[in-house]
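Below is one structure, written out as structure tokens, with a few remarks after it.
Values quoted throughout were computed directly from the atomic coordinates according to the rules given, and no laboratory measurement underlies them. Because the structure is predicted, anything quoted here is derived from the model rather than measured. Note that each Cβ is placed from the backbone with ideal geometry, even for glycine, and that neighbours are counted across all protein chains shown.
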Amino acid sequence: MSVDEAHDGHSFGPNPSPRIVMMGLRRGGKSSICQVMFHNMQPLDTLYIESTTAPTTSVFSSFIDFAVMELPGQINFTEAMIDAERIFSSCGALIYVIDSQDEYINSLANLHSIILHAVNANPNINIEVFIHKVDGLSEDFRLDAQRDITQRVTDELLDDGLVNVSISFHLTSIFDHSIYEAFSRVVQKLIPQLATLENLLNVLCQHSGIEKAFLFDIGSKIFVATDSSPMDIPTYEICTDFIDITVDMNNIYAVDRRPKPVTRNDANTNNGTVNIANQLESIPQGRPIGSTSRLSNGVILYLQQMVKGLALVCLMRKESMPKIALVEYNIEFFRDALEQLWLIG
């Protein structure tokens, strides 16, 4: 199958969803990322994944609908059957995965060639470089690799006169939360309503005594927005773990179950396309999931399901609990605003 055939196989409807193209050399970790992020595969199980030999696409439904197209590492843009214009013209972001545990000189040369084709086809495309598999490196080696790769890529782009390319670099691993944070940053750039969402969260925090608030997609644990207060990785990890615990507890006590979501094993994979439903296995009909928990340091975790599989996850001090009725009242206003924003968008 050619790349163009896989592209034509998308079931996007009249208005195409924002599309993410994932590329990189063989065994770089592209398939593992997709399987962990969108198919709930355990990281250790990705050791048995075979290399991608044909373009595959996962269509994901969330606050925005987007598709992730994974291209095999042997793609060569000098071949007549590869149409860079069709691949990148409607693409919102290009993710290039580099294996940080391997010699990456060939990867950088390949990345440079791809950037030239991508920017020529779509000057507004976001280039996202995942410096991957950093779990096997020490902290110093991670930072050294990031500095080296960043310097080499930017120098080559400057030599070609490309000074306005939107390019970001992320340290990632499927064995921790770094891949979720990096993917979240990529998806946020594709959300036109991001500034409005962040402003709504700022207003909610200001009037409710909330110290930090995230708007998560429950299934993928991608956060589509957060308020403007500083974010640290431990806080993000606690929130994602809280989502998992809440969903697991909900599944245990749920009575009315929705149909099982589509997975890679039972999906219609015509033309390399897999339609991915929200990853929640069951939600009681008519009753959104929600949970409150108090941590040992006194911080309160509060989760409430919103629209389209989104969940609001907040961190509050224990002093806010006597005012929980006010907090929930404000959250209902936030929910209404979110629903209107989603309908308009």
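Values for this structure:
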{"read-out": "Label-to-label distance, nm, for residues given as Ser61 and Gln74 (7 Å Cα→Cβ offset)", "value": "3.6"}
{"read-out": "R0 of 51 Å, Cβ-Cβ distance Gln101-Ala325: FRET efficiency to nearest 0.05", "value": "0.45"}
{"read-out": "Computed FRET value (nearest 0.05) for Arg294 with Leu343, which takes r as the C-beta separation and R₀ as 51 Å", "value": "0.90"}
{"read-out": "Per-residue ³J(HN,Hα) for the range 323-328, Karplus 6.51 cos²θ - 1.76 cosθ + 1.60, θ = phi - 60°, Hz, x for Gly and Pro", "value": "9, 4, 5, 5, 4, 5"}
{"read-out": "Residue list for the range 228-254, given a label point 7 angstrom along the Cα-to-Cβ vector of Asp176 and an amide N cut-off under 15 Å", "value": "232-238"}
{"read-out": "12 Å beta-carbon shell around Lys212, net charge (K/R +1, D/E -1)", "value": "-2"}
{"read-out": "Given Lys189/Lys212; Lys133/Lys318; Lys189/Lys318, the pairs whose alpha carbons are separated by over 28 Å", "value": "Lys133/Lys318; Lys189/Lys318"}
{"read-out": "Net charge, Met306 excluded, C-beta distance under 11 Å - Lys, Arg +1, Asp, Glu -1", "value": "-2"}
{"read-out": "Length added when fully stretched, Lys189-Arg27, from 0.36 nm per residue minus Cα-Cα", "value": "55.6 nm"}
